[in-house]
1. Which of the residues belonging to the range 510-520 are open to solvent by 60 Å² or more (accessible area, probe 1.4 Å) and in a loop (DSSP other than H, G, I, E, B)?
2. Counting only residues that are over 8 Å from the mean Cα position of the chain (by Cα) and either open to solvent by 40 Å² or more (accessible area, probe 1.4 Å) or modelled with pLDDT under 90 (or both), how many does the range 544-556 have?
3. Filter the range 532-549 for residues that are in contact with a strand residue (DSSP E or B) (Cβ under 7 Å, 6 or more places away or on another chain) and in a loop (DSSP other than H, G, I, E, B) and give the result.
4. Restricting the range 366-387 to residues that are open to solvent by 10 Å² or more (accessible area, probe 1.4 Å) and in a strand (DSSP E or B), which is nearest to Ala555 (Cα to Cα)?
5. So Leu539 passes all but one of these: (1) open to solvent by 50 Å² or more (accessible area, probe 1.4 Å); (2) touching a Lys or Arg at 6+ places or on another chain (Cβ under 7 Å). Which condition number does it fail?
6. Could you figure out which of (1) outside any loop (DSSP other than H, G, I, E, B); (2) open to solvent by less than 50 Å² (accessible area, probe 1.4 Å); (3) within 30 Å of Val222 (Cβ to Cβ) isn't true of Arg562?
7. Output the residue which, of all residues in the range 240-251 that are outside any strand (DSSP E or B) and of a type outside the set (Lys, Arg), is surrounded by the fewest Cβ atoms within 10 Å (Cβ to Cβ).
8. Against the definition (in the same structural domain as Arg568 (by the TED database), touching a residue at least 60 places away in the same chain (Cβ under 8 Å) and hydroxyl-bearing (Ser, Thr, Tyr)), how does Ser370 come out, yes or no?
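The values are calculated or read from the model by the stated rules, or taken from the named source; none is laboratory data. Please read these numbers as outputs of a predicted model, since none were measured by experiment. Quick reminder, even Gly has a Cβ in these numbers, built from the backbone with ideal geometry, and neighbours come from all protein chains shown. Note: accessible area is taken over every heavy atom of the protein model, side chains too, but ligands, DNA and RNA are not part of it. Shrake-Rupley method; radii C 1.70, N 1.55, O 1.52, S 1.80 Å.
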Amino acid sequence: MAACARLCGVGQSRRCRRRQRHSQQDQDSDSDMDEEEEERIVCNTQAEAAAGHPDTRLSASGPAVVGDLGTVTAGANANRHSVGSSGSGEQPNSQSLVELPPELLVEIFGLLPGTALPNLALVCKKFRQILNTETIWRRRCIEEFGLKGDPCMMEQVGVSSWELYTRRVHPSMASRRYVKVLPDCERTDYRKLYTRILHPYRHVLGLWQPDIGPYGGLLNVVVDGLFIIGWMYLPPHDPRVEDPMRRRPLFRIRMLGEDKAAVECMYGHRGPHRGDIQTVKKDEFSTKCNQTDHHRMPGGRQEEFRTWLEEEWGRTLEDIFHEHMQELILMKFIYTSQYDNCLTYRRIYLPPRQPSDLLQPGLFKGTYGSHGLEIVMLSFHGPWARGTKLTGDPNVPAGQLTLDVDLSRPVHLPDLESQWSMDELSRLVLAVHEQVQRDAPSDPSSLDVELGAGGKEGQMSGASAQGSEVPPAGAPQERQNFVLPLGVMARNEVYPRTCKMCFYGTGLIAGHGFTSPERTPGLFVLFDDDRFGFIWLELKSFSLYSRLTDSLPYAQAPSMERFEDMLRSMQSWTS
């Protein structure tokens, strides 16, 4: 018992035990172990543990610890010791982590990150056998990559990958005349799923913007059952801005055979085929198709154009009577079809939420006249709200700042009868615009001013406001009637007839090829937490924006600084 007392740090001190031994010299010396000899045994045990013996290392702190190379330390509290009938203490047997029951080791190993498990398997044969347990790797797949349900059958949306592909991408695939999307699998090998797919390709998970000239795009790479799939997000058909986003798979990564992962291109209408993924640099990767003949259709380019037009716009070219709109559509098809074999993607983040934000920042679908619907990222920077294009057009490309709203300059709308007059609205907005030009003669659209809202420029703008402050998020606000002035063109006539607040802002307009860009005044109208609008005074046009509600994992910005750096880089891509 004395040995256990010394290991735990309790009991009599060494000097007191020596006095007790000298006072009991008349006792038989062979009846009990000599205490000094016992101390030497205890010290030798602790020295062996400190020397790193994998089977005898002990830690007085208690819990088990796994080292960098898989060495294991077991707590002294886990040791088992027996007490004789006479009550005399016996030396406990040093118990290592190897001697614990297998079910307990499974629970312990399941708590470790997946990157530590290969090193742990090098410790001994028993550890290597236990690490073949699927429970451990299934837990790693769930906790580190959000795997849900049975990977063979269930998706995050509640249907299998095969059903999702045949329903949303190409209905003719349901006839199974082409290559199957899902492989036959009776048992999921979570270890191979983790070590061959999830961990090696973890750097491609998240939100990305493809480099397709001025058009851009939105790619969401997620773990989808047994696959990693890159879904291209497409806006709904114009002008149904409140419809859900459309999704199209561009590539997938799956197991090929027992120990090999395969990258497959999903573009085209002939099913999956060979592709490749290359990491260009940090936060950037590229995809390449090795069988571009799968993208071609039997009817040639005319059939490809008709199919693309139906998927992209939901109509035929004959249904589009506006000649200028026909030219824009044909130009986009010719341009984007050049990127069907190789694409480069750059990582983007969702804007972080601040307590003072007027509403939840995020992604919105908006109407842009003849260019159709485009995706805009709304973010807040102090007294500024800014909309950055994720998809663009030949006039204002993706990555540019399409909206710049000064939240310190609210605009109070007149009575409902006066709102019908475009002259009255122009008078209100232009009065604020002239005040802004007098207060800040420098260009407020420069990046240093845009992303440095806490600097002097942002403070000057807030201080020069007309005695109004932005109400805190979630505060009750009195709604006011709203109607578009006569003569303002709106692609979507179904807009809310009441709003919360209105603010002065500017919108970016430019000529074809992003020539002569100019920021023109306008009115930002906040309808509710999921919808807002913008009236372009010079264009006499109204854009309605609706929130994108799809789940976008792995897309949160690590910090506001990283997000602002991303915005600077995004704007430089197309400048």
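1. Restricting attention to the range 510-520, the residues satisfying the condition of being open to solvent by 60 Å² or more (accessible area, probe 1.4 Å) are 512, 515-518.
Listed by number, the list holds a single entry, His512.
2. To start, the set of residues in the range 544-556 that are over 8 Å from the mean Cα position of the chain (by Cα) comprises 544-551.
Cutting the leftovers down to either open to solvent by 40 Å² or more (accessible area, probe 1.4 Å) or modelled with pLDDT under 90 (or both) gives us 549-551.
Of the residues in the range 544-556, 3 are over 8 Å from the mean Cα position of the chain (by Cα) and either open to solvent by 40 Å² or more (accessible area, probe 1.4 Å) or modelled with pLDDT under 90 (or both).
3. Residues of the range 532-549 in contact with a strand residue (DSSP E or B) (Cβ under 7 Å, 6 or more places away or on another chain): 532-548.
Residues satisfying the conditions are Leu537, Glu538, Leu539, Lys540, Leu548.
4. Just the residues of the range 366-387 that are open to solvent by 10 Å² or more (accessible area, probe 1.4 Å), to begin with: 368-371, 373, 380, 382-384.
Restricting the remaining residues to those that are in a strand (DSSP E or B) gives 373, 380, 384.
Values: Leu373: 22, Phe380: 17, Trp384: 22 Å.
It comes out as Phe380.
5. Condition not satisfied by Leu539: (2).
6. Arg562 satisfies all of (1) outside any loop (DSSP other than H, G, I, E, B); (2) open to solvent by less than 50 Å² (accessible area, probe 1.4 Å); (3) within 30 Å of Val222 (Cβ to Cβ) except (2).
7. We begin by selecting, within the range 240-251, every residue outside any strand (DSSP E or B); these are 240-245.
Going one step further and asking which of them are of a type outside the set (Lys, Arg), we end up with 241-245.
Numbers: Val241: 22, Glu242: 14, Asp243: 13, Pro244: 11, Met245: 18.
Among those that are outside any strand (DSSP E or B) and of a type outside the set (Lys, Arg), it is Pro244.
8. Values: in the same structural domain as Arg568 (by the TED database): yes; touching a residue at least 60 places away in the same chain (Cβ under 8 Å): no; hydroxyl-bearing (Ser, Thr, Tyr): yes.
Criteria not met by Ser370.
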